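K.L.:
Take this structure first; my questions come after.
The values are calculated or read from the model by the stated rules, or taken from the named source; none is laboratory data. Remember, predicted model here, so these are calculated numbers, not experimental data. Because the Cβ atoms are built from the backbone with ideal geometry, glycine has one as well, and the counts that use them run over all protein chains shown. What goes into the accessible areas is simple: the full protein's heavy atoms, side chains included, and nothing from ligands, DNA or RNA. Shrake-Rupley method; radii C 1.70, N 1.55, O 1.52, S 1.80 Å.
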Amino acid sequence: QVQLQAFGGGLVQAGGSLRLSCAASGRIYSHNPAAWFRQGPGKEREFVAAIKWQDGTTSYVDSVKGRFTISRDKAKNTVYLQMNNLKSEDTAVYFCAVPGGHLIRSSWYVPHNYDYWGQGTLVTVSS
């Protein structure tokens, strides 16, 4: 019943910015957290950031701290990822995802714990 659609990827020069959006169908407040993962060429799918719908609690992978900001608009059932000071190593397909229910924080970083995935949007950073 939950469907996710990712938008906003594109080609950007190193040091530039992009804002990704993930629009969810229906009400998804019971699916926590909403998360962004990414998968670069020849790499495993990697946790990027996550946010709880209700209180806005966030988590980030160390490599994006200070550069990326995850946020959400509950009225629009939409999650955003603001990406600043992009680096070539940020090049990847970015996926948004939510679990079937609620995850404890220690489970936030594991792709297998998420049941619903967007189609992915490609971010390419040129140097």
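K.L.:
Provide, for the chain, the number of lysine pairs with alpha carbons under 25 Å apart, each pair being eight or more places apart or on different chains.
P.N.:
Summing the qualifying lysine pairs gives 7.
K.L.:
Another question, then. Once you have a ≥ b ≥ c as the square roots of the Cα gyration tensor eigenvalues for the range 1-99, tell me rounded if a/c is under 1.5, and otherwise prolate or oblate according to whether a/b is larger than b/c.
P.N.:
prolate
K.L.:
Just want to confirm a number: the relative contact order over the chain, from Cα pairs under 8 angstrom separated by 6+ residues, in percent.
P.N.:
Once normalised by length, the contact order is 36 percent.
K.L.:
Let me ask another. Counting other Cβ atoms within 10 Å, keep those with at most 12, restrict to DSSP loop, and tell me which trypsin sites (Lys or Arg not before Pro) in the range 1-61 are left.
P.N.:
For trypsin sites (Lys or Arg not before Pro) across the range 1-61 that sit outside H, G, I, E and B with at most 12 neighbouring Cβ atoms in 10 Å, the list reads 27, 43.
K.L.:
Need the C-alpha centroid separation for the range 37-77 versus the range 1-25, integer Å.
P.N.:
Result: 11 Å between the Cα centres.
K.L.:
Whole number in Å², please: accessible area per residue of the range 33-127, 1.4 Å probe, ligands, DNA and RNA not counted.
P.N.:
Here the residues of the range 33-127 average 48 Å² of exposed surface.
K.L.:
So how much slack lies between residue 107 and residue 63, counting 0.36 nm per residue of separation and subtracting their Cα-Cα distance, in nm?
P.N.:
Stretched fully, the residue 107-residue 63 segment lengthens by 13.9 nm.
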